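Have a look at the structure below, then the notes.
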Amino acid sequence: MWVAENAAPLQAPRAHHAVARLRTARLARSAKPFLARGGPRGERCPGCRLVPSHCVCSLHPVVPTRAGVCLLMADIEPLKPSNTGWLIADVVPDTFAFGWARTEVHPDLLALLADPQRQPYVVFPGEFVAPERVVPEVAPPSVAVPRAGVEPAPAKRPLFILLDATWPEARKMFRKSPYLDRFPVLSLQPEQISRYQLRRSRRDDHFCTAEVAGLCMDLAGEPQAAQVLQTYLDVFTHHYLQAKHQLPPDWQGEAHQRLAQALGRTTRA
């Protein structure tokens, strides 16, 4: 069964963003409760999924962008406290989240992909795709030559389709989603090594979903969103690991300082 949610308006409570609503819908149809470890009796903040003593909701960064993100999420991903698609929905207001199913496609997803104001890009490694589909960068906004009495058509807004899943799941999703076949595949060539520490990967060139979104935003000419996504991920990771090891978060640490600089804020005393 599918579920899908659109992004919340900019001023709406953060718990109502796309991934949060997808998680709520997924829990509602669960046969048994999903139990995440940590905190008193497994208690976690509903806004950031961390134990209450390490909550980061007061830091919630929002960066309006022209580019959007469409998350296709494997069944269990919205329930995982370590999921970083949640962080993307926190930062980028124009975020959409859909549960992926092999045999069903939500009509709202198809409508989003058919939106004439958007240019979808499937973000996936080019080595697994036919070369003619692969593009290394986002097309720049077209510059229309003004003509008398003719309004130039607005440039399409990039929409990055991210497969939010484990690597084996993501490959399956890519192969079994024929409705994505007509879109270009954006193959990232990042030079840095992933800094994600919450789940293990056998390859250093595998990036978590929030890191991928940051790289996409950079290519789309959204440098602040890219920087905020990376630094917010670092802050979230710090709080997550400190809680795991039963240590207090360092509110004046390097990660917090970099997030504050990216947002033009002062750090918490």
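Step by step: first the residues of region 241-250, then only those that are touching a Ser or Thr at 6+ places or on another chain (Cβ under 9 Å) and modelled with pLDDT of 95 or more, then the one that is surrounded by the most Cβ atoms within 10 Å (Cβ to Cβ). Which residue is that? Walk me through it before giving the result.
We begin by selecting, within region 241-250, every residue touching a Ser or Thr at 6+ places or on another chain (Cβ under 9 Å); these are 243, 248-249.
Okay, now just the ones that are also modelled with pLDDT of 95 or more, so 248-249.
Details: Pro248: 10, Pro249: 21.
The residue in question is Pro249.
Only a single item in (1) among the β-branched types (Val, Ile, Thr); (2) more than 29 Å from Leu112 (Cα to Cα); (3) at pLDDT 65 or above is not met by Ile193, and it is number (3). Put simply, of Arg21, Arg14, Arg41, Arg29 the only residue that is at pLDDT below 55, out of contact with any Leu (no Cβ under 6 Å at 6 or more places or on another chain) and among the basic types (Lys, Arg) is Arg14. If you go through region 116-130 and pick out every residue that is part of a helix (DSSP H, G or I), open to solvent by 40 Å² or more (accessible area, probe 1.4 Å) and touching a strand residue (DSSP E or B) at 6+ places or on another chain (Cβ under 8 Å), you end up with 0.
How about region 81-112: which of its residues are in contact with a strand residue (DSSP E or B) (Cβ under 8 Å, 6 or more places away or on another chain), surrounded by fewer than 20 Cβ atoms within 10 Å (Cβ to Cβ) and either among the acidic types (Asp, Glu) or closer than 26 Å to Pro190 by Cα (or both)? Scanning region 81-112 gives Asp94, Asp108.
Across region 48-80, the number of residues qualifying as farther than 19 Å from Ser30 by Cα and either in a loop (DSSP other than H, G, I, E, B) or open to solvent by 40 Å² or more (accessible area, probe 1.4 Å) (or both) comes to 16. Residues in region 153-169 that are over 18 Å from Thr95 (Cβ atoms) and aliphatic (A, V, I, L, M) were compared, and the one that is modelled with the lowest pLDDT is Ala153.
Out of the residues in region 81-103 that are in contact (Cβ under 8 Å) with a residue 60 or more places away in the chain, of a type in the set (Val, Ile, Thr) and outside any helix (DSSP H, G or I), which is nearest to Phe207 (Cα to Cα)?
Let us first name the residues in region 81-103 that are in contact (Cβ under 8 Å) with a residue 60 or more places away in the chain, namely 81-102.
Retained after the next criterion (residues that are of a type in the set (Val, Ile, Thr)): 84, 88, 91-92, 95.
Now restrict to residues that are outside any helix (DSSP H, G or I): 84, 92, 95.
Working: Thr84: 11, Val92: 18, Thr95: 19 Å.
Filtering region 81-103 for residues that are in contact (Cβ under 8 Å) with a residue 60 or more places away in the chain, of a type in the set (Val, Ile, Thr) and outside any helix (DSSP H, G or I), the one nearest to Phe207 (Cα to Cα) comes out as Thr84.
The values are calculated or read from the model by the stated rules, or taken from the named source; none is laboratory data. Being a predicted model, the structure only gives us computed values, none of them experimental. Ideal geometry is used to build each Cβ from the backbone, glycine not excepted, and the neighbour counts take in all protein chains shown. Side chains included, ligands, DNA and RNA excluded: accessible areas come from the protein's heavy atoms. Shrake-Rupley method; radii C 1.70, N 1.55, O 1.52, S 1.80 Å.
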